[in-house]
Structure formats: structure tokens, C-alpha cells
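Worksheet: the structure to be examined is printed underneath.
The values are calculated or read from the model by the stated rules, or taken from the named source; none is laboratory data. Keep in mind that what you see is a predicted model, and the values were worked out from it rather than measured. Reconstructed Cβ throughout: ideal geometry from the backbone, glycine too, with neighbour counts over all protein chains shown.
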Amino acid sequence: MSMSKRRVPPNQKVTSEFPILHVGSVPRFDPETWAFLVEGLVENPIQLSYEEIGKLPKVTCKSDFHCVTGWSKLNNTWEGVGVVTISNLVRPLKTAKFATAECEGGYTTSLP
């Protein structure tokens, strides 16, 4: 079995591009009003502006992306602020078990 076959979940199709997932127009991005907020079961809730988050240390990693709509893109390079950096800033309480990300367009996902 090839390496890519083992990396791709059942019924997923490998693509070489990222499909466009927006329905309608892409929302306008305004760095002046954009905010990154962490609240809830943390010692130090934060709200960072686009400029502030851009000053945090960045990490680069490579991983596969498997979309719930049935496609996979392998060997993606990602760059951004790492979860460890954010966790160190907010200091989650021991009772916190999940983080829920609320994104543009009402999309949410929860991660342990």
C-alpha cells in the first residue's frame, strides 16, 4: 500500500488544490476591527488585535488536511502562532477539557 493511501481516510479524495468553500462572497477583512479572543476557563483571558497577534512568535509545520466534505490535501505547510504560545498566555484551568474555536461565518469546532 502506498504511503498516501495510508494517510488518506476512507472515502476521501486527494486534491492538489484547496477547494473554495465560501458560499457567496468572501467577507471583507479589516485588520482594524479584527480580534482574537480567548475567554472561559482560563486564568488570563485575552483579546489581541491583528497587530498584536502578528508580533507573537510563529511556528511552521507540515501536515495533511482532511476536510469533512470528503477531500484531502497532503503535505501542506502552515505558519502561524502555535497553540502552546496561546496556552502559555492564557493559562487554561485544570478543569478546561476542550477549546472551541468560533470563526468567520459562524463556523465552530472543538478540540481537546
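For the stretch 63-97, the set of residues classified as basic (Lys, Arg) and without any contact (Cβ under 8 Å) to a residue 12 or more places away in the chain consists of 94 only.
Whenever a residue of the stretch 49-62 is of a type in the set (A, V, I, L, M), its partners that are in a helix (DSSP H, G or I) and modelled with pLDDT of 95 or more, lying with C-beta atoms within less than 7 angstrom and at least six residues away or across chains, give the pairs 56/85.
Quick check on the stretch 21-43: of everything there that is in contact (Cβ under 8 Å) with a residue 24 or more places away in the chain and of a type in the set (A, V, I, L, M), which residue is farthest from residue 97 (Cα to Cα)? By that ranking, first place goes to 21. Out of the residues in the stretch 50-91 that are closer than 30 Å to residue 11 by Cα and of a type in the set (Lys, Arg), which is surrounded by the most Cβ atoms within 10 Å (Cβ to Cβ)? Among those residues, the one meeting the criterion is 73. Residues in the stretch 92-112 that are within 16 Å of residue 21 (Cα to Cα) and loosely packed, with under 10 Cβ neighbours inside 10 Å: 103, 106, 107, 108.
Scanning the stretch 75-82 finds no residues that are farther than 23 Å from residue 110 by Cα and among the hydroxyl-bearing types (Ser, Thr, Tyr). Among the residues in the stretch 39-58, are any under 21 Å from residue 111 (Cβ atoms) and modelled with pLDDT under 95? No, the stretch 39-58 contains no residue that is under 21 Å from residue 111 (Cβ atoms) and modelled with pLDDT under 95. Scanning the stretch 98-112 for residues that are in contact (Cβ under 8 Å) with a residue 12 or more places away in the chain and within 30 Å of residue 6 (Cβ to Cβ) yields 98, 99, 110, 111, 112.
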